[in-house]
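Q: First, the structure itself, so that you have it in front of you.
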Amino acid sequence: MTVNMGPQHPSTHGVLRLVLELDGETVRSCSPTIGFLHTGIEKTAEQKKWQQVIPLVERMDYLSAQSNSMAFCLSVERLLGLEIPRRVQDIRVLVAELQRINSHLVWLGTHGMEVGAVSVMLYCFRERELLLNLNEMLAGFRMFPSYMRIGGLREDLPRGFHDAVRTFIDRLEIKLGEYEDLLTKNHIYLERTRGVGVIDGDKAVAYGLVGPIARAAGVSYDVRKAFPYNGYETYTFDVPVQQGGDVYSRYQVRVAELKQSMGLVRQALDRIPPIGQYAVADPKITPPPKAAVYTEMEALIQHFLLYSQGFTVPAGESYVPVEGPRGEQGFYIVSDGTNRPFRVKSRAPSLLACQALEQLIVGGLIADVIAVIGSIDVVMGDVDR
């Protein structure tokens, strides 16, 4: 029997359609169909000035907004030849790790709900709301702060941000134990996840899988270790790896990553002075302080030119990957020397995860399909960009 599964929310993440061929309860073939959410963000970015691209890329993977904007900024900054201040790099690490925690909390909650553990969703979203409060404190927006800027950050950290983050991390360390109590040794959860959606390390690499999916299959690849950026080589953290390659192993890896990210957040907080430089001191890139715009003609002119004309980027091409919540993500950019990108191309881990779905699903039961889809943590905005 041939059936459609999806597009529906939340089990197929809204706009993913699977055409399944069934033999009783067993899946004999699987054909993923994508494109229902197509936004054309990559092409739209070519019509915008460089800084205007940031809100667009944040909306590709809306659970990895600030990792996306950071990846774009790093690629542009390489073409510009900018040397980013150490304090800015540490703040970027802090923000990126908070974003990873945010994404993993959404994944853990929705994945638990999809396999019948509804309480897990309520627990995870409880803490995620507190994390979104930090985003609102940081930049006034909860999901898409657009806090990253080419050359640095939009503004300095708000007063009391260090204490607010520490309070959140202290709470999460306790609450994470509650999540594990609900799932890690839960007999029903083990039956639904162990030996389900298995892929080995070689096939994971062949499919281009990265992040927690690959690490759950024994592939110890993390961009923060392999190609360090923002000074990650100076931080102390481990790369969690499991060997099972199944849904349960992917759960174990992400829970371990939550713990590692909390440690990185604490390290970054200890390094960041409450007040200091938040962007490069280059008037061609960084807008003047608001107070100066109101009182100095030169600052007003600089402000007007930056926001009306933008800045030019030397001709060339660049790609700087980062380790997002779903693995390696980055933006290959091409500049023709003008104030707009000539080409923007995203390296989207969710797209590659979708192409491996057939390998993960075929041979298993139809009841396990939703568990497998949830375990690969795809965001369809990242697929249909």
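The values are calculated or read from the model by the stated rules, or taken from the named source; none is laboratory data. Keep in mind it's a predicted model, so treat the numbers as computed, not measured. Every residue, glycine as well, gets a Cβ built from its backbone with ideal geometry; the counts of neighbours run over all protein chains shown. SASA here: full protein model, heavy atoms, side chains in, ligands and nucleic acids out. Shrake-Rupley method; radii C 1.70, N 1.55, O 1.52, S 1.80 Å.
Q: With r defined as the distance between the Cβ atoms of residue 291 and residue 266 and R0 fixed at 51 Å, what FRET efficiency is calculated, to the nearest 0.05? Can you show the working numbers first?
A: Details: r = 33 Å, r/R0 = 0.65.
That pair, residue 291 with residue 266, gives E of 0.95.
Q: Can you send over the carbon and sulfur percentage of the accessible area for the range 311-371, probe radius 1.4 Å, protein chains only? Before the final figure, lay out the partial values.
A: Values: 1220 of 2120 Å².
Of the solvent-accessible surface of the range 311-371, carbon and sulfur hold 57 percent.
Q: Still on this structure, I have one more. Taking the Cα centre of the range 119-165 as origin, work out the dipole magnitude from +1 charges on Lys and Arg Cβ and -1 charges on Asp and Glu Cβ, in debye rounded to 20. Before the final figure, lay out each step's value.
A: Values: 6 positive and 6 negative charges, 26 e Å.
Result for the range 119-165 is approximately 120 debye, rounded to the nearest 20.
Q: Same structure again: Considering only DSSP states other than H, G, I, E and B, which chymotrypsin sites (Phe, Trp or Tyr not before Pro) in the range 75-169 qualify as loop sites with at most 13 other Cβ atoms within 10 Å?
A: On the way: sites: 107, 123, 125, 141, 147, 161, 168; in loops: 141, 147.
Within the range 75-169, no chymotrypsin sites (Phe, Trp or Tyr not before Pro) qualify (loop, at most 13 other Cβ atoms within 10 Å).
Q: Here's something else I'd like to know. Starting from the 7 Å offset along Cα-to-Cβ, what nm value, one decimal, do you get for the label separation of residue 33 and residue 4?
A: 0.6 nm
Q: Moving to a separate point now. May I ask you to evaluate 6.51 cos²θ - 1.76 cosθ + 1.60, the Karplus curve with θ = phi - 60°, for each residue of the range 88-102 and list the ³J(HN,Hα) values in order in whole Hz, giving x for glycine and proline?
A: In residue order, the calculated couplings are 5, 4, 5, 5, 5, 4, 4, 5, 5, 6, 5, 5, 5, 4, 4 Hz.
Q: Give me the lysines in straight-line cross-link reach of residue 49: C-alpha distance below 29 Å, same-chain residues under 8 apart excluded.
A: Here the lysines satisfying the reach criterion relative to residue 49 are 284, 290, 345.
Q: Let me ask another. Largest first, what is the accessible-area ranking of 180, 129 with a 1.4 Å probe? Intermediate results must be reported in sequence, preceding the final value.
A: Working: 180 50, 129 85 Å².
Largest accessible area first, the list is 129, 180.
Q: Suppose every K and R has +1 on its Cβ and every D and E has -1 on its Cβ; what is the size of the dipole of the chain about the Cα centre, in Debye to the nearest 20? Mind dumping the intermediate values first?
A: Details: 40 positive and 44 negative charges, 129 e Å.
Dipole magnitude for the chain comes out near 620 debye.
Q: Residue 190 to residue 59: FRET efficiency via 1/(1 + (r/R0)^6), r the Cβ-Cβ distance, R0 56 Å, to the nearest 0.05?
A: Working: r = 37 Å, r/R0 = 0.65.
Efficiency, rounded to the nearest 0.05: 0.95.
Q: Using a probe radius of 1.4 Å on heavy atoms only, what accessible surface per residue do you get for the range 1-101? Whole Å² is fine.
A: 39 Å²
Q: Rounded to the nearest 10 degrees, what's the angle between the helix 297-308 long axis and the longest principal axis of the chain, both from Cα atoms, 0 to 90?
A: The two axes meet at around 30 degrees.
Q: Next question, about the same structure. How high is the FRET efficiency between residue 281 and residue 174 when r is their beta carbon distance and R₀ equals 45 Å, given to the nearest 0.05? If you can, show how the numbers build up before the last one.
A: Numbers: r = 42 Å, r/R0 = 0.93.
My answer for the efficiency is 0.60.
Q: For residue 175, which lysines qualify as cross-link partners when the Cα separation must be under 27 Å and same-chain residues fewer than eight apart are set aside?
A: Excluding near neighbours in sequence, the set is 185, 259.
Q: Rounded to the nearest 500, what is the 222 nm mean residue ellipticity of the chain from helices alone, with -39500 (n - 2.57) per DSSP H run of 4+ residues and division by all residues? Please report the intermediate quantities before stating the final value.
A: Details: 17 runs with 189 residues, N = 385.
Calculated from helices alone, the mean residue ellipticity at 222 nm is -15000 deg cm²/dmol.
Q: Just need the Rg to Rh number for the range 178-319, please, alpha carbons only, Kirkwood Rh. If you can, show how the numbers build up before the last one.
A: Values: Rg = 23.1 Å, Rh = 19.5 Å.
Rounded to two decimals, Rg over Rh is 1.19.
Q: I want to check the label-to-label distance for residue 343 and residue 239. Put each point 7 Å from Cα in the C-beta direction and report it in nm to one decimal.
A: My value for the distance between the label points is 2.9 nm.
Q: A follow-up question, please. Picking from 209, 267, 85, whose Cα lies most toward the positive end of the charge dipole for the chain (charges on Cβ: Lys, Arg +1; Asp, Glu -1)?
A: It is 85.
Q: While we're looking at this one, here's another question. Work the Kirkwood hydrodynamic radius out for the chain: mean of 1/r over every pair of different alpha-carbon atoms, inverted, in Å. Intermediate values should be presented prior to the final figure.
A: Working: mean 1/r = 0.0461 Å⁻¹.
Its Kirkwood hydrodynamic radius stands at 21.7 Å.
Q: Another question, then. For the range 249-301, report the accessible area per residue in Å² (1.4 Å probe, heavy atoms, rounded to an integer). Numbers along the way, then the final one.
A: Numbers: 2760 Å² over 53 residues.
Computed with neighbouring chains in place, this is 52 Å² per residue.
Q: Please get the size of the charge dipole for the range 105-233, origin at its Cα centre, with Cβ charges of +1 on Lys and Arg and -1 on Asp and Glu, quoted in debye to the nearest 20.
A: Details: 16 positive and 17 negative charges, 37 e Å.
With Lys and Arg at +1 and Asp and Glu at -1, about 180 debye.
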